[in-house]
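What follows draws every value from the coordinates through simple rules; no lab data is involved. Being a predicted model, the structure only gives us computed values, none of them experimental. Reconstructed Cβ throughout: ideal geometry from the backbone, glycine too, with neighbour counts over all protein chains shown.
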Amino acid sequence: MQPVASIIGIGALPVGKYPDQLEHEMMVAALLEAVRDAGITKDDIDALIFSLPRPYAEQRYFGTFITSYLNLPLDDTLLEVLGNGLTGALAFDTAVQRVASGQAKVAIALGVNREMHVDTGEHMHLSMRAVGDVDFAVPFGVTPISWYAFNATRYMHDYGLTREQLAAIPVKNRAHALDNPIAQMRKPITVQDVLDARQIVRPLGLLDVPPRSDGAVAVVIADPDFARSLGGRHVDVVGRGFHHEGVHQVSPQPRSLTWFESAEIASGKAYQAAGIAASQLDFAEVYAPCSIVELILSESLGLVPRGEGGIAAVEGVTSLGGDIPISTSGGCASRGHPPLVTPLYNVYEAVQQLRGEAGSRQVAGAEFGAVTGELGDYNATMMHILRAAG
């Protein structure tokens, strides 16, 4: 399989809280780190593809402001993209496509999410207007976690999943985050801690769901021949799949609460493009905003058998050292979840794994990794398959 593009540099700020920095200051720090990591100069950069910052970002016309701030002319394009939780994945995908089409030799996917300085009520009202129907869902206070609670309740009914089995997922992810220097949550937790945590929407508690997070990340993508001219630290993009079900967040028509059809379809396209089967993946760094989402996603992507996601987590199948480690960074609930750029943080982790630079989190001999982004209750999925340079 021939790569369509290669990743040559990555940069990211630790996920957390940045009360004293503006978005452009955070963004430039991550961008400069990625450019240094790639070993290029600004003269090599043809395109910048930004995830659109939050509406309450201080600086407007953010992308063009950054080019001025850095005195950075561009010969291909400058874009800001938006797709709610899918935003970072769309930025990455667009940068890959600019390179694959020959329009750019080097394109950078990048973004910043700063939300912890905003009042919780304001933030939640904006979230509900984005993810629900303003005529129906918003007035009744329907939040994303309430969707996931429906998923969890139905899955428990259909497959006999216990609360203890579901709790194994945040415990596993927190264990992964302990040695991740950019993770937001790094205090060990137990299954009992998860069970005892304050309830958010039954049966999901505080440790099943992600914190609010700030962060910034940049990923440098290049023509494969140019990447090879720079040396052997690049990672190739070898597969891509996308599917949108044509619904806004939650379908108005009855559909399964225990299966993500878009993930099944998108991943099938990605595996076919890469010329591999799901069983050949060495790890997956996924967009899973809470424990039940990771469980259902692990099945929908073909990584574990249907109905066995909870058992797989308990038995260590999806842990480091297991058959298919999932969320080696710690995932949304422990690495942290700056929503509009979370998919780019997934790429950041995957590149570290495929370059053999993940330290104690390293998946031994990792050759193939998958990254995902999602929209709504996985009514849309973007999946890319990455391969170590060889």
Straight-line reach from residue 172: which lysines have a Cα under 21 Å away, not including same-chain ones fewer than 8 places off? 187
Identify all lysines with a Cα-Cα distance to residue 105 below 18 Å; exclude those on the same chain that are fewer than 8 residues away in sequence. 42
Given a 10 angstrom Cα cut-off, can you work out which residue in 210, 144, 289 is the most mobile in a GNM of the chain? 144
Likely footprinting exposure, 384, 24, fewest C-beta neighbours within 10 Å first: 24, 384
Are there any GluC sites (Glu not before Pro) in region 25-128 that are in a DSSP loop and have at most 15 other Cβ atoms within 10 Å? List them by number. 58
Please compute the length gained on full extension between residue 78 and residue 315, using 0.36 nm multiplied by the number of residues separating them and subtracting their Cα-Cα distance. 80.7 nm
What ranking do 105, 187, 172 get, fewest neighbouring Cβ atoms within 10 angstrom at the top? 187, 105, 172
I'd like the trypsin sites (Lys or Arg not before Pro) in region 184-255 restricted to DSSP loop residues with at most 11 other Cβ atoms within 10 Å, sorted by number. 198
Give me 276, 108 ranked fewest to most by other Cβ atoms within 10 Å of their Cβ, as a rough exposure proxy. 276, 108
Mean separation of Cα contacts under 8 Å (at least 6 apart) over the residue count of region 198-288, i.e. the relative contact order in percent, is 25
Given 0.36 nm per residue, what is the gain on full extension from residue 277 to residue 2 after removing their alpha carbon distance, in nm? 97.4 nm
Could you work out how far apart the two model spin labels at residue 323 and residue 135 are, taking each label as a point 7 Å from the Cα in the direction of the beta carbon, and quote it in nm? 4.7
Förster radius 56 Å - calculated FRET efficiency between residue 367 and residue 22 (Cβ-Cβ, nearest 0.05): 0.90
Take residue 306 and residue 116, extend 7 Å from each Cα along the Cα→Cβ direction, and tell me the distance between the two endpoints in nm. 4.1
Computed [θ] at 222 nm, deg cm²/dmol, the chain (DSSP H ≥ 4; -39,500 (n - 2.57); rounded to nearest 500): -11000 deg cm²/dmol
Per-pair calculated FRET efficiency, R0 = 30 Å: residue 255 and residue 196 via Cβ, rounded to 0.05: 0.35
Give me the aspartates and glutamates in straight-line cross-link reach of residue 17: C-alpha distance below 18 Å, same-chain residues under 8 apart excluded. 25, 58, 115, 119, 122, 214
Relative contact order %, the chain, counting alpha carbon pairs below 8 Å whose residues are six or more apart: 25
